[in-house]
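*Asks:* For reference, the structure I am asking about is given below.
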Amino acid sequence: MRLRPDQLQSHLQRPTLAPIYFVSGDEPLQKLECIDQIRMTARSQGYEERLVFNVDKSFDWGSINQASANLSLFSSRRIIELRMASPKPGKEGGKVLLEYAEQIGEDNLLIISSDKLDKSAQSNKWVKAVEKVGALIQVWQVNPAQLPAWIQNRLQSQEKRITLDAARLIAQRVEGNLLAARQEIDKLILLIDKDSIDIEDVIAAVADSSRFDVFDLIESAFLGNADRTLLMLQGLRNEGTEPMALFGALMWEFRRLCSIAHQHEAGSNLESLFKSYRIWDQKKRPMNAVLQRHTCKSFDQLLTFCATIDKTLKSSRRDQAWDQFNTLLLAISGANTVKLQVA
């Protein structure tokens, strides 16, 4: 059978457990919680002993057969946990798991966990055998648009209500990290002694869980994500980032970008320039995005504005540099550059 994570709790209320549970996915919190639910239910049903196997290149698959065959000295019922990074255990592993699913024992509960199970892996014989006799639970990432509702449901399960605006604020702060979101929810439950939580409660009680890196900020601006860029800039400011250090990192990356732009406009091949300036594959997308958005003329205008920021940082008005960073990063992101022209 196949179960969604939100169906698991209801399934576990049945009188008997399935002999095998296979939990796969790339989202660690939901995967961990599914396994915890299965394990806790098994404990309540008399599975007292637990064996854990971590699969690596040197893993002996015969140990699974030995664990399932040997009688326990301490308990008549045993949990066997098999932790695999990849859902593709290879020929030997697939054979062992297929045989296990075809000859399941009454006294053992097998819990398999792995990263995301793709379509090709789902067609493997051992996976189909597990699905036939047990339960396959696939965990999916919670995307940013779904996160506020996930937070509301999470609090509702704790007999608390939260307004949509407050849930959105938490989602914004944790930037998609469900582990951080759970920590913030647990903190709210402890700190707020009322059933309904609003945005003022969140602002007062929740520490900002986002930790922003300067080069992530620059990459976000290059990609044209203006809102996220300004949020990250505010996060860096709140964390006490030294503005001169931020400016130094920004100028190092921006001067390199300007050099590439001028050489490319003069006729140099862009891929050759990327190789020369050590712009590797993961950095090409933001570089391509900002190069398509700006011309050499607009880059020169931005450099002139950078000179203004430099003067501000070296003056008694250095706190004003944060507002200038706002303007510069918005311009890089593709927003209107009127302020640059006025400056």
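The values are calculated or read from the model by the stated rules, or taken from the named source; none is laboratory data. Keep in mind the model is a prediction, meaning the values are calculated, not measured. A quick note on method: Cβ atoms are made from the backbone with ideal geometry, for glycine too, and the neighbour counts reach across all protein chains shown.
*Asks:* Are any residues in region 17-30 in a loop (DSSP other than H, G, I, E, B) and more than 16 Å from Lys132 (Cα to Cα), and if so, which ones? Quick ask: steps written out before the conclusion?
*Replies:* Applying the first criterion (in a loop (DSSP other than H, G, I, E, B)) to region 17-30 yields 17-19, 26-27.
Passing the criteria: Asp26, Glu27.
*Asks:* Give the residues of region 172-212 that are modelled with pLDDT under 85, touching a Leu at 6+ places or on another chain (Cβ under 6 Å) and crowded, with 17+ Cβ neighbours inside 10 Å, sorted by residue number.
*Replies:* Passing the criteria: Val202, Phe212.
*Asks:* Looking only at residues in region 105-120 that are closer than 15 Å to Glu81 by Cα and among the aliphatic types (A, V, I, L, M), which one is nearest to the chain's Cα centre (by Cα)?
*Replies:* Taking the candidates together, the pick is Ile112.
*Asks:* Then there's this: Take Ala331 and tell me if it is within 18 Å of Thr229 (Cα to Cα) and either assigned to a loop (DSSP other than H, G, I, E, B) or outside the structural domain of Leu223 (by TED's automatic domain parsing) (or both).
*Replies:* Values: within 18 Å of Thr229 (Cα to Cα): yes; either assigned to a loop (DSSP other than H, G, I, E, B) or outside the structural domain of Leu223 (by TED's automatic domain parsing) (or both): no.
Taking the combined requirement at face value, the residue does not satisfy it.
*Asks:* Based on what the data block shows, is Ile279 touching a helix residue (DSSP H, G or I) at 6+ places or on another chain (Cβ under 7 Å), over 22 Å from Asp323 (Cβ atoms) and modelled with pLDDT under 90? Lay out the reasoning, then the answer.
*Replies:* On the way: touching a helix residue (DSSP H, G or I) at 6+ places or on another chain (Cβ under 7 Å): yes; over 22 Å from Asp323 (Cβ atoms): yes; modelled with pLDDT under 90: yes.
Considered against the rule, which asks whether it is touching a helix residue (DSSP H, G or I) at 6+ places or on another chain (Cβ under 7 Å), over 22 Å from Asp323 (Cβ atoms) and modelled with pLDDT under 90, Ile279 comes out as yes.
*Asks:* Kindly check whether there is at least one residue in region 46-69 that is part of a loop (DSSP other than H, G, I, E, B) and on the phi > 0 side of the Ramachandran plot.
*Replies:* Residues of region 46-69 that are part of a loop (DSSP other than H, G, I, E, B), as a first pass: 46-48, 55-61.
Then drop every residue that is not on the phi > 0 side of the Ramachandran plot, which leaves 46.
Within region 46-69 (the criterion being part of a loop (DSSP other than H, G, I, E, B) and on the phi > 0 side of the Ramachandran plot), the answer is yes, since at least one residue qualifies.
*Asks:* While we're looking at this one, here's another question. Checking Ile112 against (1) more than 11 Å from Phe22 (Cα to Cα); (2) crowded, with 19+ Cβ neighbours inside 10 Å; (3) touching a strand residue (DSSP E or B) at 6+ places or on another chain (Cβ under 9 Å); (4) in contact (Cβ under 8 Å) with a residue 40 or more places away in the chain: exactly one of these is not met. Which one?
*Replies:* (1)
*Asks:* Given the criterion touching a residue at least 12 places away in the same chain (Cβ under 8 Å), outside any helix (DSSP H, G or I) and within 19 Å of the chain's Cα centre (by Cα), identify the matching residue among Gly176, Gly235.
*Replies:* Details: Gly235 fails: outside any helix (DSSP H, G or I).
The match here is Gly176.
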